[in-house]
1. Tell me, what is the per residue accessible area of the chain in Å², probe radius 1.4 Å?
2. What value in Å³ per residue do you get for the convex hull of the alpha-carbon atoms in the stretch 93-142?
3. Where the centroid of each part is defined by its Cα atoms, how far is the stretch 306-339 from the stretch 110-156 in Å?
4. Give Lys120/Lys237; Lys167/Lys369; Lys374/Lys449; Lys291/Lys374; Lys22/Lys72 a once-over and call out the pairs whose C-alpha atoms are over 26 Å from each other.
5. Heavy atoms only, probe 1.4 Å: what % of the accessible area of the stretch 355-477 goes to carbon and sulfur, would you let me know?
6. Rounded if a/c is under 1.5, else prolate if a/b is larger than b/c, else oblate: which is the chain, with a ≥ b ≥ c the root eigenvalues of its Cα gyration tensor?
7. Ordered by packing density, taken as the mean number of other Cβ atoms within 10 Å over each peptide's residues, highest first, how do 153-161, 331-339 rank?
8. Taking θ as phi - 60°, what are the ³J(HN,Hα) couplings along the stretch 43-50 by the Karplus curve (6.51, -1.76, 1.60), each to the nearest whole Hz, with x for Gly and Pro?
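The values are calculated or read from the model by the stated rules, or taken from the named source; none is laboratory data. Here the structure is a predicted model, which is why all the values come from computation and not from measurement. Here the Cβ positions follow ideal geometry from the backbone for every residue, glycine too, while neighbour counts run over all protein chains shown. Note: areas computed on protein heavy atoms with side chains; ligands, DNA, RNA excluded. Shrake-Rupley method; radii C 1.70, N 1.55, O 1.52, S 1.80 Å.
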Amino acid sequence: MYDVAIIGCGITGSACAYYLSKYSLKIAIIEKYNDVCCGTTRANSAIIHAGYDPVPGTNCAKFNVRGNELTKEICKKLDVLCKEIGSLVVAFSDKEKETLNVLYDRGIKNGVPNMEIWDKDRLIKEEPNISENAVAALYAPTAAIVNPWEYGLAMAETAVRNGAQLKLNTEVTDIIKSENGWLIKTNNGSVEAKYVINAAGVYSDVIHNMVAEKTFEILPSAGEYYLLDKSEGERVKHVIFQCPNELGKGVLVAPTVHGNLIVGPNAIKSDRDDTRTTTASLDFIRQAASKSVPSIQYRENIRNFTGVRANSDTDDFVIEFAAENFLDLAGIKSPGLSAAPAIAEEAVKMLSESGLELKEKGNVIDTRKHLRFKELSDEEKNKVISENPLYGRVVCRCETITEGEIVDALSSPITPVSLDGVKRRAGTGMGRCQGGFCGPKVLEIIARKNGITFEDVLQDGNGSYILTGETKNGGAK
């Protein structure tokens, strides 16, 4: 019997596990994929929003600003890439300038600090590549960019190091009220828990409907993106939003923490798992982005991807008990990445108020160190190579990722089983060639370290085999 079972290990589930693992609790984390943070958490804009956009009084507003603060604290403790670069909402007409004032007032009510309205001269001075048609902008200095999957992964890893039990490849099929709590049936047996947190993302309504009458519906929305090479990474210095209007927010243009440039997304109705990209959508994004930053060189594009957001018909985060000791954290759309730790903080409070006994542990793990070889000084590089020669073997040339870092990833508390799993931890395959050079070597290292054949190594999800024929040596054991 677990004290708490968390269904879903995206950013919200990871944050809940992170906070709950600081207490003397038996925790199960149930995740249907073969790794954590493989849904919306790994395919989004990677923005930690300042908090001026949500309507005051909503859950989105309540948890955005607090989440912004907590994210930076957590990223510092867990050594996750996060940079506070600020955001700009750009107006292109006098009417849109009025909208900037509305957003400014909304931000003040939500508690967003240090916002400013910039005139055109200040805007052009700070962002010389912005369109000459821009007339003003709302500046929010507390907005940040983050590595989203490393952020979620770091919290999940810390929870596991603190004793939480992660059950991967485990899909919930039914939930039944039991004498002492809830019996969660899965494809890998049953899990019984006194309390349940529903953090199932785009499937959160499906999980809710297993225990209660329908009260909300997830309306999945797909957003497609361009990821451009680092040669475009300094095209802008801030996160550039377009002024929202009756058609929506428009696409954004922003640097990434890795030095690339991200452009997107659009917003179209989608199936829950439909992450294909389309020519029509990408053409739309390019045309829309040119309104803000017309000089982007799309020939430097290295990858396109799609994320599916868990929009709901409530138009707000659903944070409430669906049944006795069964807590919904559902409809966590944007700014869900920003709000996740604040939502988790609230979830812990709500569980405590409903009877969950919280006794703080001694010797809680709350730090993490991620060695990034390319960021070390020459002296530091020589030192780590002398201690472990694997750090002297560069495998990914684009990103200067060493074999030592790959082995570190394969030795982490949540062991990756795929090339993309290593990519999310070590950064291999994230550069201009997108794994074209390093992929075979990474595959070989995974097979050797995990004691499996080459044919058993996955690209990403279950079934995504890279090699399907015979290898010369029959694979690696």
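1. 43 Å²
2. 65 Å³
3. Rounded to whole Å, the Cα centres lie 25 Å apart.
4. Over 26 Å Cα-Cα: Lys291/Lys374.
5. Ligands and nucleic acids excluded, carbon and sulfur reach 49 percent.
6. The shape class here is oblate.
7. Going by the mean number of other Cβ atoms within 10 Å, highest first, we get 331-339, 153-161.
8. 9, 8, 7, 6, 10, 9, 5, 5
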